[in-house]
Amino acid sequence: MPTFRPVRIADVIPETADAHSLVLDAGFGYRPGQYLTVRTPAGARCYSLSSAPGVDAAPKVTVKRVPGGQVSNWICDHVHAGDVLDMSGPAGTFTPDSPDDDLLLLAGGSGITPIMGIIKSMRGGAWSLIYANRDADSIIFRDELDRLLPVTHWLDSERGVPTADALRELLTAYPDRLAFVCGPEAFVAVAEKALQLAGVPASRIRVERFELGSPESRPSADSAESRALVVSAESRALANSAEPGALADSAEPGALADSAGSRAAVEPGALANSAGSRAAVAEVELDGRTHVLPWAPGKRLLDVIIDAGLNPPYSCRQGQCGACACRLLSGEVALVNNEILEEEDFAEGYILACQAVPLTDSVTVTYQ
Ligand SMILES: Cc1cc2nc3c(=O)[nH]c(=O)nc-3n(C[C@H](O)[C@H](O)[C@H](O)COP(=O)(O)OP(=O)(O)OC[C@H]3O[C@@H](n4cnc5c(N)ncnc54)[C@H](O)[C@@H]3O)c2cc1C
Ligand code: FES
């Protein structure tokens, strides 16, 4: 489980009318492009480090308001120098392999944050940035960026929202570069398409999504690309989900250590008859009350709880941050993706609500 620790805010820097940087009074190690999970009274969310280790004196995150967004607006409205917020991390793999790589960087809006950390950490190599924003006033780090590298600014106010064809025109000069793309989903989708049209192989494209598409557009437990783990309340163990029945026999305490090596990817379609298509009932203990919720086939537990009008903790919704972790009291679930929970977390019964689909008719979890 990610450990949250109190971090003092050393300074708050207004970057634009709707983006603030928080300079942190903390001395942890991190890699450029990584993110922290920040817990606030309005909820927990991930925010990327816009600073670079060994370059900036202190770590810094940069938060841009999302219209109607709970946490981004709370941070921009309420956080002042001297305040303390709980944070976990750093985490994430959106980081170059070498400070000498030749990079093509594409950022949309707040997506500049990890890209800024990456740019500042680079030593040799050639780097170019395409940075899309609504208008000139929305550009975060404008002067600093223009001093650091060649930037092609794309302003919606002048050219309209970028299309894949229009972006492709800007990319053809850099077919051999390693591409880093970051921003809201709509920008990431267009940028990925443009890179594909420009002939950049998928293996040379790294992506960080700040926002997920609709639940329907996310990988499902029975899709070919899914990588699922089975977690059972009885054994609190992991098993290769290609064998959904295997856990019933693995209840002895030693099973966890033995099964650690079995976090293998499922065979495509292995869950189609169980996790992907099963309806269930979720019993959820949250904020001192128990809620019994119908769990429609293919839906993630977190979406079931949110759609019921409840307010569970979450952040990335991608199995990366651990903010949605709850404890499985009965039943069995598959986790479509897990990049954060360790063996000892499963031993304590933790699962990720944002990645859980049911394998039994009834599943009970608690957030207490
Ligand atoms: C790994 C990771 C790193 C991130 N780093 C940063 C960062 O450095 N700076 C930053 O400002 N944000 C960053 N985000 C996004 C951030 O975690 C929140 O999603 C964002 O601040 C919105 O949260 P909210 O509570 O204000 O909005 P919510 O109340 O959660 O959402 C309101 C609506 O806004 C949409 N939405 C969510 N995020 C965005 C977005 N970025 N742009 C447009 N629409 C959005 C949602 O789909 C939803 O419909 C990161 C996200 C991830 C997963
Ligand atoms: S919300 Fe981040 S792992 Fe579930």
Check your understanding: Which shape class, rounded, prolate or oblate, goes with the stretch 103-211 when its Cα gyration tensor gives a ≥ b ≥ c as root eigenvalues, a/c under 1.5 marks rounded, and past that a/b bigger than b/c marks prolate?
Key -> rounded
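Quick one: if the Förster radius is 41 Å, what FRET efficiency do residue 193 and residue 57 give, using the C-beta to C-beta distance and rounding to 0.05?
According to the calculation, E is roughly 0.55.
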Exercise for review: Work out the FRET efficiency for residue 362 and residue 211 from their Cβ-Cβ distance, taking R0 = 25 Å, and round it to the nearest 0.05.
Suggested key: 0.20
**Study point:** Efficiency of FRET between residue 185 and residue 348 - r from beta-carbon atoms, R0 35 angstrom, step 0.05
**Key:** 0.60
Exercise for review: Distance from a point 7 Å along Cα→Cβ of residue 134 to each backbone N in the stretch 145-162: keep the residues under 19 Å and list them by number.
Suggested key: 153-162
Check your understanding: Under the Karplus relation 6.51 cos²θ - 1.76 cosθ + 1.60, θ = phi - 60°, what is the ordered set of whole-Hz ³J(HN,Hα) values for the stretch 352-362, x standing for Gly and Pro?
Key -> 9, 4, 6, 10, 8, 10, x, 10, 10, 5, 9
Exercise for review: Would you list which aspartates and glutamates come within 19 Å of residue 60, measuring only between C-alpha atoms, while excluding same-chain residues fewer than 8 positions from it?
Suggested key: 11, 15, 18, 25, 77, 83, 86, 143, 144, 208
Revision key, fill the gap. Heads up, the stretch 1-78 by the C-alpha gyration tensor (a ≥ b ≥ c square roots of eigenvalues; a/c under 1.5 rounded, else a/b over b/c prolate, else oblate) looks oblate
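Counting other Cβ atoms within 10 Å of each Cβ, which trypsin sites (Lys or Arg not before Pro) in the stretch 115-161 have at most 11 and sit in a DSSP loop?
Hits after loop and neighbour filter: 123.
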Revision key, fill the gap. Expressed in nanometres to one decimal, the distance between label points 7 Å along Cα→Cβ at residue 339 and residue 25 is 3.2 nm
Review point. For the peptides 351-361, 24-34, 297-307, 7-17, what is the packing order when you average, over each peptide's residues, the other Cβ atoms within 10 Å and list the highest mean first?
Key: 351-361, 297-307, 24-34, 7-17
Study note, to complete from the structure: Taking Lys and Arg as +1 and Asp and Glu as -1, residues besides residue 55 with C-beta under 13 Å from its C-beta add up to +2
Check your understanding: What does the highest-first list of 170-178, 199-207 look like by mean Cβ count within 10 Å?
Key -> 170-178, 199-207
Study note, to complete from the structure: Cβ-Cβ cut-off under 13 Å around residue 23, Lys and Arg +1, Asp and Glu -1: the net charge is -3
**Study point:** 12 Å beta-carbon shell around residue 323, net charge (K/R +1, D/E -1)
**Key:** +2
Exercise for review: Please name whichever of 54, 7, 99 sits farthest to the positive end of the charge dipole of the stretch 1-147, dipole taken about the Cα centre and charges placed at Cβ: Lys and Arg +1, Asp and Glu -1.
Suggested key: 7
Study note, to complete from the structure: Proxy exposure order for 103, 155, 195 (fewest C-beta within 10 Å first) is 155, 103, 195
Practice item. Find the relative contact order for the stretch 1-107 and round it to a whole percent, using C-alpha pairs within less than 8 Å whose residues are 6+ positions apart. Key: 35 percent
Exercise for review: For residue 64, go through the lysines and keep the ones whose alpha-carbon is under 21 Å away, minus same-chain ones fewer than eight residues off.
Suggested key: 120
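Just so you know, all these numbers are worked out from the coordinates, no wet-lab data involved. Keep in mind that this is a model prediction, so the values were computed, not measured. All Cβ positions, glycine included, derive from the backbone under ideal geometry; neighbour counts span all protein chains shown.
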